[in-house]
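Please read the structure below before turning to the comments.
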Amino acid sequence: MSSQDTHSHEWDAWRLFRILSEFVDGFENMLSLGPSVAIFGGSQAPGDNPHYQQAAILASKIAKKGFGVITGGGPGLMEAANEGAQTARGKSCGLCIDLPTEEKPNPFIDQKYLFKFRYFFVRKVMFVRYAQAFVVFPGGFGTLDELFEALTLIKTKKIAYFPVFMVGKAFWSGLIEWLKTSPLHYKYIEPEDFNLITVTDDLDEVVNGIVRHCGECPTRENF
């Protein structure tokens, strides 16, 4: 084995410890959140964006029902959701990711529930492990990644079912139409797959759907 290969092997071994430490930190500290809802959305949305206002209102409604709110910890719609949770005096969690272009965590995250991750896959596990529902607002690649990751895990039964709400009919209608005219048309997905998602503009429909689900499935112990 060359010296370069040895160095690479040693680096991989240390990387395993760093990955493990991120998992341990998350598992030890997020459990106290209790039943929670993950809210996703684009980081570019300014405060006067209607989606920003919707995210803040919805997070407040969710927090008033006793749920914690989990976001990616960044600006835009993530900030809106954390702000809404804090306004309602609910638990406000931010799972931040270490990126060269990432801004500072938004100021509406409870310090107890402010986490910083180096690895996307560890961060994704925390979202799925500790959220009883996903709410997906308009966003870009990161938002879409979280959406389809959740749907894939539910579809393949790697995790127990939880509701996935897509807020913003005008924004999501093109994607839903494409799913029907391309993947569904070519039988890469099935008609019943659409039962995994609820596309809506009604924030109360989201809240009521979460409450109904958590009455039947209050924890995610089987992940």
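What is the helix-to-structure angle for 169-181, meaning the angle in degrees between its Cα long axis and the longest Cα principal axis of the chain, kept from 0 to 90 and rounded to the nearest 10? Compared with the principal axis, the helix lies near 80 degrees. Panel values: the chain, Kirkwood radius from alpha carbon pairs, Stokes-Einstein at 10 °C and 1.306 mPa s, translational diffusion coefficient 87 µm²/s.
Which whole-number percentage describes the relative contact order of the chain, with Cα contacts under 8 Å and a sequence gap of 6 or more?
Numbers: 360 pairs, mean separation 42.1, N = 223.
In percent, rounded to a whole number, it is 19.
Highest average first, the peptides 135-144, 115-124, 71-80, 50-59 ordered by how many other beta carbon atoms sit within 10 Å of their residues are 71-80, 50-59, 135-144, 115-124. Quick check on the chain: helices-only [θ] at 222 nm, where DSSP H runs of length 4 and up contribute -39,500 (n - 2.57) each and the sum goes over total residues. Nearest 500, please. Value at 222 nm, helices only, nearest 500: -16000 deg cm²/dmol. Database remark: amide H of I97 closer than 5 angstrom to the amide H of F117 (H placed geometrically; neighbours at sequence offset of 5 or more, or on other chains; Pro and chain starts carry no H). Among the trypsin sites (Lys or Arg not before Pro) found in the range 139-194, those both in a DSSP coil and sparsely packed, with 12 or fewer other Cβ atoms within 10 Å of their Cβ, are K157, K158, K187.
Pick out, from L175, P138, L58, the residue whose Cα sits farthest towards the positive end of the charge dipole of the range 3-216, with +1 on the Cβ of Lys and Arg and -1 on the Cβ of Asp and Glu. Among L175, P138, L58, the one farthest towards the positive end of the dipole of the range 3-216 is L58. Applying a DSSP loop filter and a limit of 10 other Cβ atoms within 10 Å to the chymotrypsin sites (Phe, Trp or Tyr not before Pro) in the range 148-197 leaves Y186, Y188.
Bear in mind these aren't lab numbers, they're just calculated from the coordinates by the rules spelled out. Since the model is a prediction, treat every value here as computed from it, not as a measurement. All Cβ positions, glycine included, derive from the backbone under ideal geometry; neighbour counts span all protein chains shown.
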